[in-house]
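> Quick one: this structure, given as structure tokens, is what I'll be asking you about.
The values are calculated or read from the model by the stated rules, or taken from the named source; none is laboratory data. Nothing here was measured: the structure is a model prediction, and the numbers come from that model. Every residue, glycine as well, gets a Cβ built from its backbone with ideal geometry; the counts of neighbours run over all protein chains shown. Heads up: the accessible areas ignore ligands, DNA and RNA and are worked out on the full protein's heavy atoms, side chains in. Shrake-Rupley method; radii C 1.70, N 1.55, O 1.52, S 1.80 Å.
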Amino acid sequence: QQQVKQSPQSLIVQKGGISIINCAYENTAFDYFPWYQQFPGKGPALLIAIRPDVSEKKEGRFTISFNKSAKQFSLHIMDSQPGDSATYFCAASMKAAGNKLTFGGGTRVLVKP
Amino acid sequence: DAGVTQSPTHLIKTRGQQVTLRCSPKSGHDTVSWYQQALGQGPQFIFQYYEEEERQRGNFPDRFSGHQFPNYSSELNVNALLLGDSALYLCASSLAPQGTQYFGPGTRLLVL
């Protein structure tokens with residue numbers, strides 16, 4: 001059972017554009033929602049994370065929007081740069097389960113110069 | 001400050017063999033979690049070790065086992081390897097089981 005669904009699978013955006021990745025979850029017990037960035041041959045790196053008591057969190061060019069009632073959250077990458085080309089994963093976890101991460105399927109983002 | 005390290009970086013085994021992968025957590029971290037990432041997919045949680053005990057386990061068979069040492073480093077063992085075990089194996093460390101997880105570069109396992 002896939003508990004976190006991520007879309008789209010891939011995304012092409014022009015330099016300076018906005019990349020938007022969406023995730024939906026099923027388990028309402030999740031209480032932590034991180035986004036990870038992964039480059040080829042590397043492990044995932046934590047980008048930004050949010051808890052369900054806030055609706056939006058911004059760090060630099062990266063923003064998470066969170067809709068608790070819809071059980072959805074999204075990542076916006078503003079002013080996308082070629083160096084942002086990577087695979088992005090949303091994830092969800094709950095403190096009660098030791099924060100084991102349930103990942104979405106990933107979105108491959110390509111930023112064209 | 002060293003991050004999470006894993007060894008080896010790559011490994012080739014044949015079906016039926018056994019493999020051991022190693023992980024050293026980030027300095028100051030005491031919890032290690034292991035994930036399997038098949039090509040083109042998101043990581044899947046295998047298990048988590050804290051205080052030298054397995055605390056959480058994902059939907060993986062008993063062929064997958066682990067260990068945590070007093071210095072918090074950890075090993076992942078896989079017995080009776082199957083072709084489907086070919087994947088990137090990721091180790092993540094955190095300060096306590098509820099802490100933020102930081103991933104290592106992974107070990108790429110190919111089973112022939």
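> Being open to solvent by 30 Å² or more (accessible area, probe 1.4 Å) and outside any loop (DSSP other than H, G, I, E, B) is the filter here, so list the residues in region A:63-87 that pass it.
Hits for region A:63-87 are A:Ser65, A:Asn67, A:Gln72, A:His76, A:Pro82, A:Gly83, A:Thr87.
> Taking B:Ala87, is it within 14 Å of chain A (Cβ to nearest Cβ), more than 18 Å from B:Gly3 (Cα to Cα), open to solvent by less than 20 Å² (accessible area, probe 1.4 Å) and modelled with pLDDT of 95 or more?
yes
> Name the pairs: first residue in region A:16-37 and closer than 18 Å to A:Lys58 by Cα, second residue among the small types (Gly, Ala, Ser) and open to solvent by 30 Å² or more (accessible area, probe 1.4 Å), Cβ to Cβ under 8 Å, at least 6 apart or on different chains?
Note: pairs meeting the criteria are A:Ile21/A:Ser7; A:Asn22/A:Ser7; A:Cys23/A:Ser7; A:Tyr36/A:Ala45; A:Gln37/A:Ala45.
> Looking at (1) more than 8 Å from chain A (Cβ to nearest Cβ); (2) surrounded by fewer than 21 Cβ atoms within 10 Å (Cβ to Cβ); (3) within 15 Å of the chain's Cα centre (by Cα), which one does B:Val78 not meet, given that it meets all the others?
Just one mismatch for B:Val78, condition (2).
> Restricting attention to region B:26-46, report how many residues are under 22 Å from B:Thr5 (Cβ atoms) and either within 9 Å of another protein chain (Cβ to nearest Cβ) or open to solvent by 40 Å² or more (accessible area, probe 1.4 Å) (or both).
Of the residues in that region, 10 qualify.
> Same structure again: Here is a check on your reading of the model: is A:Ala92 part of a strand (DSSP E or B) and either within 14 Å of another protein chain (Cβ to nearest Cβ) or out of contact with any Pro (no Cβ under 8 Å at 6 or more places or on another chain) (or both)?
yes
> Just to be sure I understand, how many residues within region A:103-113 are open to solvent by 20 Å² or more (accessible area, probe 1.4 Å) and either within 7 Å of chain B (Cβ to nearest Cβ) or in contact with an Asp or Glu (Cβ under 6 Å, 6 or more places away or on another chain) (or both)?
Summing the residues that are open to solvent by 20 Å² or more (accessible area, probe 1.4 Å) and either within 7 Å of chain B (Cβ to nearest Cβ) or in contact with an Asp or Glu (Cβ under 6 Å, 6 or more places away or on another chain) (or both) in region A:103-113 gives 1.
> Within region A:90-102, restricting attention to residues that are touching a Cys at 6+ places or on another chain (Cβ under 9 Å) and either aromatic (Phe, Trp, Tyr) or within 14 Å of A:Thr28 (Cα to Cα) (or both), which residue is surrounded by the most Cβ atoms within 10 Å (Cβ to Cβ)?
For region A:90-102, the residue satisfying everything is A:Ala91.
> Right, another one. State which residue pairs qualify: first residue more than 10 Å from chain A (Cβ to nearest Cβ) and open to solvent by less than 10 Å² (accessible area, probe 1.4 Å) and inside region B:90-112, second residue acidic (Asp, Glu) and not in a loop (DSSP other than H, G, I, E, B) in any location, beta carbons under 6 Å apart, and separation of 6 or more residues or different chains.
B:Val111/B:Asp85
> Please find, within region A:7-56, the residue that is nearest to A:Gly98 (Cα to Cα) out of those that are hydroxyl-bearing (Ser, Thr, Tyr) and open to solvent by less than 70 Å² (accessible area, probe 1.4 Å).
Only one residue fits best here, namely A:Tyr32.
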